[in-house]
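Student: Just dropping this structure here.
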Amino acid sequence: MGYYTYFTMEAQNIKNEEEYNSIVHALKERELFSNEDTSGVFDEGKYYEISHTAYFKAYDECKWYEHTYDMVKISRLFPGVTFRLSGEGEERDDMWHEYFHNGDSEECHAHIIFDKPTYIEWNE
């Protein structure tokens with residue numbers, strides 16, 4: 001069975017389109033980006049030259065248990081590029097961002113806070 005997560009990713013500080021293409025190639029080598037032969041975590045990517053940023057998204061949720069290990073390795077290949085991997089798991093409150101830079105990683109979980117009603121009184 002397994003646990004499914006929907007992944008997206010953003011990469012900042014990409015020098016140029018050549019470096020972006022190298023990132024896509026590194027993802028394809030690890031079967032993390034879909035191509036004509038394999039399906040991967042991501043199936044779409046777009047590079048924005050003005051902001052030096054790329055966005056990657058998936059068609060559907062998938063299992064990727066080694067995402068931290070894989071992304072640490074990829075971040076080491078591209079010094080100076082910062083990656084933010086975002087995940088939304090099967091459970092309602094399982095939302096997180098994990099950041100990668102030069103082989104370091106840091107995970108940040110979502111904290112859901114509800115607004116208090118403005119016009120209706122509710123006692124906690």
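Student: Go through the range 1-39 and give me each residue that's closer than 15 Å to H67 by Cα and over 13 Å from the mean Cα position of the chain (by Cα).
Tutor: Selection gives G2, Y3, Y4, A26, K28, E29, R30, E31.
Student: Among (1) exposed (fewer than 10 other Cβ atoms within 10 Å of the Cβ); (2) touching a Gly at 6+ places or on another chain (Cβ under 8 Å), which single condition is E121 missing?
Tutor: That leaves (2) as the condition not met.
Student: Further, regarding this structure: Out of all the residues in the range 35-71, which are over 19 Å from H97 (Cβ atoms) and among the small types (G, A, S)?
Tutor: Of everything in the range 35-71, those that are over 19 Å from H97 (Cβ atoms) and among the small types (G, A, S) turn out to be S39, G40.
Student: Which pairs have Cβ atoms under 8 Å, sit 6 or more apart or on different chains, and link a residue in the range 43-56 that is of a type in the set (F, W, Y) to one that is surrounded by 16 or more Cβ atoms within 10 Å (Cβ to Cβ) and assigned to a loop (DSSP other than H, G, I, E, B)?
Tutor: Close Cβ pairs (under 8 Å, with a partner that is surrounded by 16 or more Cβ atoms within 10 Å (Cβ to Cβ) and assigned to a loop (DSSP other than H, G, I, E, B)) amount to Y47/I14.
Computed from the coordinates by the stated procedures, all read-outs in this text should not be read as laboratory data. What you see is a predicted model, and the numbers here were worked out from it, not measured in a lab. Neighbour counts are summed over all protein chains in view; Cβ atoms, including those assigned to glycine, are modelled from backbone coordinates with ideal geometry.
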